[in-house]
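Here is the structure we will look at, set down as C-alpha cells.
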Amino acid sequence: NACVFPCFVCLPVATFFVVFIFGQDLTGARWSMSLWVDKLCIHQTDLELKAKQIAALPVFVAHASRMLILWDETYFERLWCNLELATFVHNGGIQNVDLLPLWLAPWLLCSILLDLLSASLFELLEHVLPNWSMRWISPIMDATGSVLGKNPAMLKFASLFIIWMFSGVTYLMVSVPSFFSFRMKLRNHQLLLDQMSAFDVRAAKCALQADRNAIEEHVVALFEGGNAPVKEGSGVDDGEVRRQRFSLEDREPLNCFNEHVKGPLRAMVESQIGNELRVPFHIALIACLPMIFYSSVNVLACDNGPCEISAVLSGYSSVTQYMVTQVVAWTLTIFLSFPVTSPILLRMINFVVSCSDGPLELFMALLCCPLAYIWSYICGSLIWGSIVALVQYYSLTQLLIFVVILAVLVLQVTWLFPPMASRAHPFCRCVKRQAYYEAAANSPLCPE
C-alpha cells in the first residue's frame, strides 16, 4: 500500500518536528515550568529600569529552584553569566544546574533528517525491486552452497546476512553529510569541556570596569565562606547532599570558584551529556527515529508483498511465525544495531580529524565514515541471520549461536553507552550521585 510509508514514517517524523519546535504553543503552556530568562525579563531599552533590574539579578537567580544554562561558545566568557552561575550554585546547589548545549538540537535534527533520507531510499528499493529480500533467499542459498556446504541453517544465516548487508547501501549516501554534522558536534562538545577545564572568572569579558569590580566583589562574598547550605524546599530528596563545601577560608575566593567550575561542575556536565565521544543512548535512538518507524512499514507490508507469499518465500511454516520473527528481529535491531552508529561514527571522525586536515580530511572521511554504518549493518545482519536460522532450523547449536551473538551485541552497547547519572524526578539529581557529592562536601575544593 502506497500510504503505509507516508502514514507510518513521514507523518510521525513531521509530528515530532512540529512538537519539538512548537510544542510549547500547542499545549498552551499548560504543562510548562515557569522560567525566568534574564535577556527577556530585563528591560533592554529603558536604561534606568534596566539598571535596577540588573542590580536585583542575584535575587531572581537565588530564588530559582533550578538553573538551565543554554551554552554557546561565549557563555563562560561573559562575566554577568558567571555571576548568575556563582549565585545559583551558592544558593541552589550544583545538583540543580542543567546545561543544554545549543549545538545539540541542530545536530540531532540533522541526524534525523539524514536517517529519513535513508529510510526513503530503503522504501524506494522495495518499490523498484518488489519483495526482493524474500525472493533472493533461495538464489543466495544455492550460490553459497558450494562454499558453505549443505547445512540449511548455515545457508539461511548466510543468505539473511547478505540481504541485510545489501540493504545497508541506503546509508552509504548519507555517510558523507553525516561527517560534517558529527564533526560540528565533536568540535563544539570538546570546546565546552575545554572552556570549563581552563575556566578563569577574571578572564571573562565585561563592558564596564565598574560592573566588573562589583561582580567580582559579589563572587568573593559568595565563596569566601567554608560552607554554603543548599536551599531547602527545592525538591532535593533524602539521597542528595544538602551541603556543599566551596572553599577554605584561607584560600582566594575567585580561585575557589574557578576550581569549582573546573571540577564538580564539569564532572556534572559530563554526567549529563557525556564527553565528546559519548552519546546518551536515548539520543542515539532518537537520531535513528525514521528507521525505527520504518520497521513498522516493513513488518505490516510483509516486505512489500502478500504476507502468505512472503512467508513461503522466506521458509516459514505460517504467516504468524513469519510476522512474530519479523517483529522480534526488528526490535533487537532497533536496540542493539542502529544506536551504535553514532558513538562509532564519532570515534571515526575523531580519528580522521586528529590525523588530517583540509582536502585530506575529507578524503579520509569518505573512506572511514561509511565504515560506521557498515558496522551497524553487520550487527543487524548477525541478528537477522541468527534469529531466522534459529526459528526455522531450531537446534541447541543454533540457540547457542543466537545467545552468543546477542550477548556480544549487548556487551558492545554497554561499552558504547556506559550508564549515566539519571534523575529520580525533574527537580533533583539521582541518588546515585550521593557518593560524589559526599566526597565533594568532605574534601577541600582548593587543595594545597
Problem - Gain upon complete extension [PHE22, ALA214; 0.36 nm per residue less C-alpha separation] - result: 65.2 nm
Exercise for the section: With a 1.4 Å probe and every protein chain left in place, tell me how much accessible area LEU113 has, in Å² to the nearest 10. Expected result: 90
Practice task
Kindly sort THR45, THR397 by accessible area of their heavy atoms, largest first, with the probe set to 1.4 Å.
Solution key: THR45, THR397
Exercise for the section: Would you tell me the accessible area of GLU48, worked out with a 1.4 angstrom probe on the heavy atoms of the protein chains, in Å² to the nearest 10? Expected result: 130
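Using the eigenvalues of the Cα gyration tensor, what equivalent ellipsoid semi-axes result for the chain when each is taken as the square root of five times the eigenvalue, whole Å, largest first?
Working through the eigenvalues yields semi-axes of 52, 23, 21 Å.
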Exercise for the section: Hey, can you grab everything whose amide H is under 5 Å from the amide H of ASP98? Only 5+ residues off in sequence or another chain; H modelled, so Pro and N-termini drop out. Expected result: MET67, LEU68, ILE69
Practice task
Please give the FRET efficiency for CYS355 paired with VAL403, using the beta carbon to beta carbon distance and R0 = 41 Å, rounded to the nearest 0.05.
Solution key: 0.60
Handout entry: Beta bridges per DSSP with both ends in the chain, % antiparallel, nearest 5
Key = 40
Completion exercise
Probe 1.4 Å, all chains present, heavy atoms only: TRP36 accessible area in Å², nearest 10, is 90
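How much length is gained on full extension from ASP200 to MET165, taking 0.36 nm per residue of separation minus their Cα-Cα distance?
Residue separation times 0.36 nm, minus the Cα-Cα distance, leaves 7.5 nm.
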Handout entry: the chain, helix-only ellipticity at 222 nm - DSSP H runs n ≥ 4, -39,500 (n - 2.57), divided by all residues, nearest 500
Key = -20500 deg cm²/dmol
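For the cross-link pairs LYS39/LYS262; LYS185/LYS205; LYS52/LYS205, which exceed 23 Å when the distance is taken from alpha carbon to alpha carbon? Can you show the working numbers first?
Working: LYS39/LYS262 26 Å; LYS185/LYS205 26 Å; LYS52/LYS205 21 Å.
Exceeds cut-off: LYS39/LYS262; LYS185/LYS205.
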Completion exercise
Taking only the alpha-carbon positions of the range 336-414 as identical scatterers, the Debye log10 I(q)/I(0) at q = 0.15, 0.24 Å⁻¹ comes out as -0.61, -1.01
Fill in the blank from the handout: For the range 339-344, Karplus-derived ³J(HN,Hα) couplings (6.51, -1.76, 1.60; θ = phi - 60°; whole Hz; x for glycine and proline) come out as x, 5, 4, 4, x, 5
Problem - Label-point separation in nm, LEU129 to GLU224, each point 7 Å along Cα→Cβ - result: 7.6
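Give the calculated FRET efficiency between LEU70 and VAL176 to the nearest 0.05, with a Förster radius of 30 Å applied to their Cβ-Cβ distance. Could you put the intermediate results ahead of the total?
Numbers: r = 30 Å, r/R0 = 1.01.
The calculated FRET efficiency here is 0.50.
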Exercise for the section: Give the angle, between 0 and 90 degrees and rounded to the nearest 10, that separates the Cα long axis of helix 359-392 from the longest principal axis of the Cα atoms of the chain. Expected result: 60
Exercise for the section: Assuming R0 = 45 Å, can you tell me the calculated FRET efficiency for the pair SER120 and GLU252, based on Cβ-Cβ distance, to the nearest 0.05? Expected result: 0.15
Exercise for the section: With a 1.4 Å probe and every protein chain left in place, work out the accessible area per residue of the chain in Å², rounded to a whole number. Expected result: 48
Practice task
Would you mind checking which residues have amide H under 5 Å from ARG78's amide H? H placed 1.01 Å from N; only 5 or more apart, or other chain.
Solution key: LYS205
Problem - Added length on full extension, which subtracts the Cα-Cα distance from 0.36 nm per residue, VAL147 to MET184 - result: 8.8 nm
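The values are calculated or read from the model by the stated rules, or taken from the named source; none is laboratory data. Not measured: the values here are computed from a predicted model. Heads up, the Cβs are rebuilt from the backbone with ideal geometry, glycines too, and the neighbour counts pull from every protein chain shown. Remember, those area values only see protein heavy atoms, side chains included, never the ligands or the DNA or RNA. Shrake-Rupley method; radii C 1.70, N 1.55, O 1.52, S 1.80 Å.
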